[in-house]
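As structure tokens, the structure follows; a few thoughts come after it.
The values are calculated or read from the model by the stated rules, or taken from the named source; none is laboratory data. None of these values were measured; they are calculated from a predicted model. Every residue, glycine among them, receives a Cβ derived from its backbone with ideal geometry; neighbour counts consider all protein chains shown. To get the accessible areas, we keep the full protein, side chains included, count just its heavy atoms, and leave off ligands, DNA and RNA. Shrake-Rupley method; radii C 1.70, N 1.55, O 1.52, S 1.80 Å.
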Amino acid sequence: MPTNQEKVSQLLADSHFAFINSQNNESLHLANEAIRLAPKNPDAYQCAGDAYMSLGQYEKAVESYKKAVKLDQNNGNRYFNLGYALATNEKAADAESEESEDSGWVLSKVADSFTAFLGMLRPAED
């Protein structure tokens, strides 16, 4: 009998497979099942965010990516996905004005990550 972690891993693999095959509703369903079984798994929120983005549900994608970032603060890809979702949703200004403490914290982390990333792209000075 598979363990809970094995079930979650399989759900996430299946969610990713459905996503790359443009089966976005199925991908979202599987990601949500993984979230139900493992609510502290950042990959589950990442999969849900990806599916929401593909379904054009940008606000839900932003919320999923925020949860992924909060659970996995050292993964720069999560910040990038959140920033992309915010930009796509054209809600960055609204998100900054939210009264939630998490919004300000997450947005400052996104800004810091983008600044660091852009700094890496600058050509070295001789």
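Yes/no matrix, rows are residues, columns are (1) of a type outside the set (Lys, Arg); (2) modelled with pLDDT under 95; (3) closer than 21 Å to GLY76 by Cβ:
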position	(1), (2), (3)
LEU28	yes, no, no
ARG36	no, no, no
ASP50	yes, no, yes
MET53	yes, yes, yes
GLU59	yes, yes, no
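Considering only residues of the range 34-48 that are of a type in the set (D, E, K, R) and within 16 Å of the chain's Cα centre (by Cα), which is most open to solvent (accessible area, probe 1.4 Å)?
Looking at residues that are of a type in the set (D, E, K, R) and within 16 Å of the chain's Cα centre (by Cα), I get LYS40.
Return the only residue of ASN21, ASN81, ASN75 being of a type outside the set (Ser, Thr, Tyr), touching a residue at least 12 places away in the same chain (Cβ under 8 Å) and surrounded by fewer than 19 Cβ atoms within 10 Å (Cβ to Cβ).
ASN75
Mind checking which residues of the range 1-50 are polar (S, T, N, Q) and part of a helix (DSSP H, G or I)?
Within the range 1-50, ASN4, GLN5, SER9, GLN10, SER15, ASN24, ASN25, SER27, ASN32, GLN46 meet the criteria.
For GLY76, state whether it is within 11 Å of the chain's Cα centre (by Cα) and at pLDDT 95 or above.
no
I'd like to check something: does the range 52-69 contain any residue that is part of a helix (DSSP H, G or I), open to solvent by 40 Å² or more (accessible area, probe 1.4 Å), in contact with a Pro (Cβ under 9 Å, 6 or more places away or on another chain) and within 21 Å of LEU82 (Cα to Cα)?
Within the range 52-69, one or more residues are part of a helix (DSSP H, G or I), open to solvent by 40 Å² or more (accessible area, probe 1.4 Å), in contact with a Pro (Cβ under 9 Å, 6 or more places away or on another chain) and within 21 Å of LEU82 (Cα to Cα).
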